[in-house]
Amino acid sequence: MFPRRENEPEYALLNDAQSQPLNRYGKPIETVPENDPRRREDFVINDEPQEPVNPNRYKQHGFFFTADNCIACHACEAACSEKNDNPAHLAFRSVGFVEGGSYPDYRRINISMACNHCDNPVCLKGCPTRAYTKFAEYGAVLQDPDICFGCGYCTWVCPYNAPQLDPVKGQVSKCNMCVDRLEVGLKPACVSACLGKALEFGVIENLPEGREQAKTEIPGFPRTDITHPNIRFQQKRTLPRDMQRVDSMPLKYHKDERDGKFKPVLDPKEGFERKWSLKKLLGSHENAHIAFTLSAQAVMGAFVLLVLGNWFGVAPLQNLQQSQALLPLLLTMLGLMGFGMFKLNMHLGKPHRFYRGFYNLRLSPVSREIAGVTLFFIGLGGYTLFNLFSGGWARLVTNIMAAVGLFGVGFGGYFMYKLYRIPARPYWDHWHTGAAFTGTGLVLGSLLLAFAGLLFGQLSIVQGRLLAGLAAAGLLLEGIGLYFHYRSLGHSESEAAASFYEQGTTYGRSYWLRNLLLLTGILWAIFMAASGSVGGWAFGLLLVIALASSILGRAMFYVMVIPTTMPGAFFWKNKGFVEHAREAGLADMPQLGVVYESHHAFKLGELLQTIRETSMKEKLIQFRRIFTG
């Protein structure tokens with residue numbers, strides 16, 4: 001428990017004698033009713049039960065930031081990192097800034113930001129391992145790194161960069177509101193350390209002494225409607241109409257004269273030259289997601305066509321089902337699916353904790369995707385196995401496994417799409433994501449079936465024309481989605497505008513190459529279906545075009561997304577500087593706060609050692625948690 005000194009200064013003490021009944025979003029500030037039995041329970045901190053002595057323990061608390069007072073001394077960062085024993089490359093609280101105007105009327109706003117302990121914590125709902133909890137005590141959103149397996153999904157969905165994924169340890173941690181200090185009547189460490197009294201803390205909606213405003217946003221602070229964050233601001237100084245970010249993000253904040261609010265708009269910092277940027281594109285941190293989504297969607301597409309074609313009497317697909325190519329095809333599909341799932345699992349910071357992905361089926365789209373994909377893999381495996389047998393019972397079981405696989409495709413495929421509909425990442429939050437995933441499944445699935453038939457001499461002209469037509473339909477669906485997505489981005493005024501800018505500049509040439517490949521693939525597939533030119537060379541050319549288009553497109557899907565983010569500084573929390581430091585070797589200097597991403601190099605020996613060190617009782621407890629929630 002945090003020890004309180006006898007001579008604590010007054011500015012470090014909590015002092016909320018009264019509070020309001022509701023916050024500005026209409027939610028009660030009392031986190032539990034007065035007669036709730038939870039009020040009589042001990043609050044356990046660091047395995048030490050705490051007596052309920054704080055009169056405001058069951059009220060929502062939050063930070064108050066006065067931007068006019070912040071001098072960017074970073075004392076709050078230092079105090080937070082010292083208390084939480086953070087390494088140099090992590091900061092639960094960080095200070096960035098935006099600036100505007102010109103000499104002699106130059107203005108700058110510093111912004112100190114940590115977790116906002118939101119009313120609607122999307123990190124909690126998104127986390128597949130249930131590492132997050134919204135506590136009734138102080139309304140704190142707490143996260144347990146020992147439960148986390150390092151998928152980083154909470155860092156995707158949070159609009160404020162609060163969860164921090166450690167690229168060395170491969171796990172997430174974040175601000176814990178210093179609840180141990182609150183229990184003894186002290187403000188969080190960052191607040192107590194603030195030199196300019198820019199940071200304050202207390203029951204939310206209580207106005208600190210000497211303050212007049214309690215805004216929900218200031219220039220540089222992302223939208224609040226996603227999570228309803230528990231932070232309030234004061235900023236009274238007059239600012240220029242445009243406030244620029246000094247980090248590499250191509251965004252600035254423009255004052256809307258209608259409501260006086262600053263909104264993110266494009267800031268073309270790097271000009272408008274089109275580049276290839278293939279090294280950055282194909283060397284993405286998210287390559288494992290590229291491998292998984294493409295392989296899973298290809299196998300799912302092929303499975304759906306194969307099973308439904310057989311059930312509904314589509315003769316060309318029935319013939320393939322009854323040919324010698326079926327078993328090698330199914331084994332290839334199992335291999336591809338296994339490869340994709342292995343790549344995704346080894347992408348986790350803690351791959352040996354993979355089973356925890358099932359923990360949050362009630363809320364997390366990631367857990368549901370994992371469950372659906374696993375169910376599909378089981379159905380595919382059973383379908384493959386029982387196709388080895390003949391007889392009525394084998395046919396019945398094969399159809400049952402096919403139904404299981406189809407349910408897995410529907411459930412897992414839907415949540416594979418749903419988990420990318422993230423309001424904090426506007427580039428993904430568009431229906432084109434679903435069109436791209438469905439189109440990829442149709443294209444690559446058709447080509448997988450076609451090559452199975454070609455390799456065993458089982459592909460007739462009728463089959464080839466059908467599969468080429470399905471491939472053309474998939475490519476066309478993807479093309480339609482891209483067209484409407486392009487139009488939507490072009491008219492946007494949020495972070496999506498910055499993605500649109502990156503799409504046309506940093507990756508401009510690669511983007512148009514991808515579009516050319518997509519158009520060529522559509523025309524070539526239509527020609528094949530219409531003319532009956534369905535030989536090996538024709539499908540080979542279509543495969544090369546489709547694969548190149550799919551890989552480029554999926555890589556762009558991951559690298560061009562620009563999330564709602566807090567502004568950084570020249571070096572600190574600046575994506576551009578982080579990339580430069582890793583390329584130039586500056587990451588070898590720990591004082592710069594940049595490290596290489598090393599947790600992906602997970603060794604098999606570490607996994608085996610972990611398994612050996614886990615007792616049978618612990619294994620049984622873990623499996624029980626998986627199946628009972």
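The values are calculated or read from the model by the stated rules, or taken from the named source; none is laboratory data. The structure displayed is predicted, hence computed values, not measured ones. Don't worry about glycine lacking a Cβ; one is built from the backbone with ideal geometry, like all the others, and counts go over all protein chains shown.
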>> Tell me whether region 341-356 contains one or more residues that are surrounded by 17 or more Cβ atoms within 10 Å (Cβ to Cβ), aliphatic (A, V, I, L, M), within 17 Å of L442 (Cα to Cα) and out of contact with any strand residue (DSSP E or B) (no Cβ under 9 Å at 6 or more places or on another chain).
In response: no
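Within region 273-321, work out how many residues are of a type outside the set (A, V, I, L, M) and assigned to a helix (DSSP H, G or I).
17
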> What about A325, is it among the hydrophobic types (A, V, I, L, M, F, W, C) and either in contact with a Phe, Trp or Tyr (Cβ under 8 Å, 6 or more places away or on another chain) or not assigned by TED's automatic domain parsing to the domain that holds S460 (or both)?
Replying inline: yes
>> Could you tell me how many of the residues in region 34-54 are part of a loop (DSSP other than H, G, I, E, B) and more than 25 Å from I231 (Cβ to Cβ)?
In response: 10
> Within region 422-458, how many residues are buried (at least 21 other Cβ atoms within 10 Å of the Cβ), closer than 30 Å to P316 by Cβ and in contact with a Ser or Thr (Cβ under 6 Å, 6 or more places away or on another chain)?
Replying inline: 1
> When you scan region 21-44, how many residues do you find that are surrounded by fewer than 10 Cβ atoms within 10 Å (Cβ to Cβ), modelled with pLDDT of 80 or more and over 31 Å from the mean Cα position of the chain (by Cα)?
Replying inline: 4
>> Among the residues in region 271-281, are any free of Cβ contacts under 8 Å to residues at least 40 places away in the same chain and not assigned by TED's automatic domain parsing to the domain that holds G335?
In response: yes
> Of the residues in region 175-204, how many are more than 30 Å from the chain's Cα centre (by Cα) and under 14 Å from H117 (Cα atoms)?
Replying inline: 2
> Can you tell which of L396, L419, L388, L476 is buried (at least 18 other Cβ atoms within 10 Å of the Cβ) and either free of Cβ contacts under 8 Å to residues at least 60 places away in the same chain or in contact with a Leu (Cβ under 8 Å, 6 or more places away or on another chain) (or both)?
Replying inline: L476
> Does any residue in region 523-538 that is in contact (Cβ under 8 Å) with a residue 12 or more places away in the chain and among the aromatic types (F, W, Y) come within less than 7 Å, Cβ to Cβ, of a residue that is surrounded by 13 or more Cβ atoms within 10 Å (Cβ to Cβ) and assigned to a helix (DSSP H, G or I) six or more places away or on a different chain, and which pairs are these?
Replying inline: W524/L541; W524/L542; W524/I545
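Quick grid of which residues meet (1) among the hydrophobic types (A, V, I, L, M, F, W, C); (2) surrounded by 21 or more Cβ atoms within 10 Å (Cβ to Cβ); (3) in the same structural domain as S460 (by TED's automatic domain parsing); (4) within 30 Å of P423 (Cβ to Cβ):
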{"residue": "S531", "(1), (2), (3), (4)": "no, no, yes, no"}
{"residue": "V534", "(1), (2), (3), (4)": "yes, yes, yes, no"}
{"residue": "W537", "(1), (2), (3), (4)": "yes, no, yes, no"}
{"residue": "V544", "(1), (2), (3), (4)": "yes, no, yes, no"}
{"residue": "S549", "(1), (2), (3), (4)": "no, yes, yes, yes"}
>> Among the residues that make up region 438-445, is at least one of them over 26 Å from A548 (Cα atoms) and of a type in the set (S, T, N, Q)?
In response: no
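Within the bounds of region 445-460, is there any residue that is within 23 Å of the chain's Cα centre (by Cα) and in a helix (DSSP H, G or I)?
No.
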>> Just the residues that are within 23 Å of the chain's Cα centre (by Cα) and without any contact (Cβ under 8 Å) to a residue 60 or more places away in the chain, please, taken from region 543-578.
In response: V578
> Got at least one residue in region 482-495 being assigned by TED's automatic domain parsing to the domain that holds V443, acidic (D, E) and more than 20 Å from T438 (Cα to Cα)?
Replying inline: yes
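Pick from F527, F571: which is surrounded by 14 or more Cβ atoms within 10 Å (Cβ to Cβ) and in a helix (DSSP H, G or I)?
F527
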> Does A315 fit the bill of being under 25 Å from G457 (Cα atoms), surrounded by fewer than 19 Cβ atoms within 10 Å (Cβ to Cβ), outside the structural domain of R130 (by TED's automatic domain parsing) and in contact (Cβ under 8 Å) with a residue 24 or more places away in the chain?
Replying inline: yes
> Does L466 satisfy the criteria of being crowded, with 16+ Cβ neighbours inside 10 Å, touching a Gly at 6+ places or on another chain (Cβ under 6 Å) and not acidic (D, E)?
Replying inline: no
> Would you say A131 is surrounded by 19 or more Cβ atoms within 10 Å (Cβ to Cβ) and either over 15 Å from K174 (Cα atoms) or free of Cβ contacts under 8 Å to residues at least 12 places away in the same chain (or both)?
Replying inline: no
